[in-house]
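FYI, it's all coordinate maths here, none of it is from the lab. This structure is a prediction, so every number in the text was calculated from the model and none was measured. Cβ placement follows ideal geometry from the backbone for every residue including glycine, while neighbour counts extend to all protein chains displayed.
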Amino acid sequence: MGWVGFVVGLVRLGRPVNMVMGALALFLGFSVISGEPPLLIPVDQVFPLFLAGLLIAYSIMAVNDIVDVEADRVNAPWRPIASGLVPVSLAWRAAVVAILLGLGLTLYIEPHVLTPIVALWFLGLAHFYNLGGKRYLVLGNLIVAFLTAFPLLYGMVLASHYMEGSWGWGDYVRSTIFWSMIFLSVLGREVSKGIVDVEGDRVVGVRTIANTYGARIAAFTALTLYTLAVLLSLAPVALGVVNVVPYLAIILPVDLLALLEGLSLTSNPTRERAVVHKRRVLLLMLVAMIGLYMGSARS
């Protein structure tokens, strides 16, 4: 396959869809928190912010595939390293280059002092998960949920930097609730993903709810977390911190479908059903983010 195969494999190593979603989440986080479009971020900051997000996400995904190669040979043999398309040594070099370039770019992103520190901390936590944290029951799920919801926290930093003095109590309350909703939803999805990866996780000694207590307990745990996120989604309406009509027009159908998905998984907690479930829940999360933005947009 030659160099073309290496290039394709290296691109796939970073899971391009996840990379782009992670980078865009920084801008969406800004919008959800501030209620303003991300166009308020200066143009000279947009490109380095987006590219740094891509590179940091790439390094995390690459290291994840390197350390998960044995599990992937069972759970996902089509991935670049597990399939033999990309050698482990090449994957390590790509990950290191991505980390160095990504961190280098953060030096040019405002706020200048805080951004590199936050990026280092984020990378440290992500690679703690990759290199051992995932082996501990529930801890790995908690780390992934926190890191996935993290862009909203950094969005708060960006919003406070570029919109100093324009926030009220409602903005802080709304942002806290939104972050908690995302955290709980991702945590539920991560728990349900354990049903998909039972065999491979056992091979490498990763403990999950699914391979420790069984698929049905994992499915009911996921449903419980989805239910908490759904109940929490009603709080911004009760507190009057969102634009009610556009918010509910999107969030209520998503809430209903999420609960139905969770109930469906509990009634049939098989690997095949869990594969479909994780894809559908991811789509629902993407739609929900639109609802969060619509609900937070300033009149």
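Couple of notes before you dig in:
- Computed over the range 202-255, the range of Cα coordinates on each principal axis works out to 48, 18, 17 Å, biggest value leading.
- Between residue 136 and residue 264, the FRET efficiency from the beta-carbon distance, with R0 = 41 Å, is close to 0.90.
- Likely footprinting exposure, 163, 19, fewest C-beta neighbours within 10 Å first: 163, 19
- Rounded to the nearest 20 debye, dipole of the chain from Cβ charges on Lys, Arg, Asp, Glu: 700
- Springs between Cα atoms under 10 Å define the GNM used for the chain, and in it the highest mean-square fluctuation of 233, 160, 175 occurs at 160.
- When only alpha carbons of the range 3-106 are considered, Rg and Dmax amount to 15.6, 46 Å.
- Rounded FRET efficiency, nearest 0.05, which uses the C-beta distance separating residue 125 from residue 17 and R0 of 25 Å: 0.70
- Centre separation in Å (Cα based) which lies between the range 246-269 and the range 206-236: 13
- Each of 161, 277 was scored by other Cβ atoms within 10 Å of its Cβ. Listed from fewest to most, they are 161, 277.
- Within the range 63-186, the ratio Rg/Rh, alpha carbon atoms throughout and Rh by Kirkwood, equals 1.05.
- Ordered by the count of other Cβ atoms within 10 Å of each Cβ, fewest first, 138, 113, 230 give 113, 138, 230.
- Residue 257-residue 89 FRET efficiency (beta carbon distance; Förster radius 41 Å; 0.05 resolution): 0.40
- Cα point-scatterer Debye curve for the range 168-299, base-10 log of I(q)/I(0) at q = 0.19, 0.20, 0.22 Å⁻¹: -0.95, -1.01, -1.16
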